[in-house]
Amino acid sequence: MPPNRAHAASVIALLFAVTITACNGLFSPTEELSDARRRWADKGPAIYSIDLFRSCECTPEMSGPVVVNVQNGTVQSRFYRAGGTVPPNLAPAFPGVEGLFDLIADARQRNAHRVEVRYDRELGYPAWLVIDYDRAVADDEFTYSVMAFRRL
């Protein structure tokens with residue numbers, strides 16, 4: 001490659017790397033959450049189903065995976081993928097997308113030690129999240145994974 005082209009290619013590669021690095025840090029976690037909620041409000045279906053897995057220091061009944069059926073923002077049913085309905089006392093552990101957003105907002109408001117989230121690029125729903133409220137407490141953290149998303 002001639003020297004000018006090699007130099008130009010190096011400059012372009014450097015600019016590309018700087019742009020990617022800069023874009024990853026452009027938005028605060030609060031702005032990322034707002035953007036994701038906006039995408040969900042704009043593109044999310046009124047009726048959907050998710051397979052939700054919750055990982056925690058808890059009983060298997062509190063882990064799932066659970067199929068959560070939602071209509072117009074309200075959870076209509078929750079049942080274990082292996083069979084059986086989620087009991088009412090465990091239902092709050094398996095929210096719909098709106099509830100996952102609320103968990104993230106609550107953790108940020110409470111200054112949780114660790115809040116990590118990956119949002120779906122198209123629809124904005126939290127596809128994976130980890131919350132650890134207190135670094136000193138051994139079993140207060142949990143992880144949610146949306147294993148499947150279906151428009152109904």
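Just so you know, all these numbers are worked out from the coordinates, no wet-lab data involved. Everything quoted here is computed from the prediction, not taken from an experiment. All Cβ positions, glycine included, derive from the backbone under ideal geometry; neighbour counts span all protein chains shown.
Once you place label points 7 Å from the Cα toward the Cβ at Ser34 and Asn89, how far apart are they in nm?
Distance between the two pseudo-spin positions: 4.1 nm.
Full extension from Ala41 to Gln71: what is 0.36 nm times the residue separation minus their Cα-Cα distance, to one decimal in nm? Working shown, then result.
Details: separation 30, 0.36 × 30 = 10.80 nm, distance 1.36 nm.
Between Ala41 and Gln71, full extension yields an extra 9.4 nm.
Can you give the relative contact order of region 28-151 as a percent, counting alpha carbon pairs under 8 Å and 6+ residues apart? Before the final figure, lay out each step's value.
Working: 231 pairs, mean separation 37.4, N = 124.
Worked out over region 28-151, it gives 30 percent.
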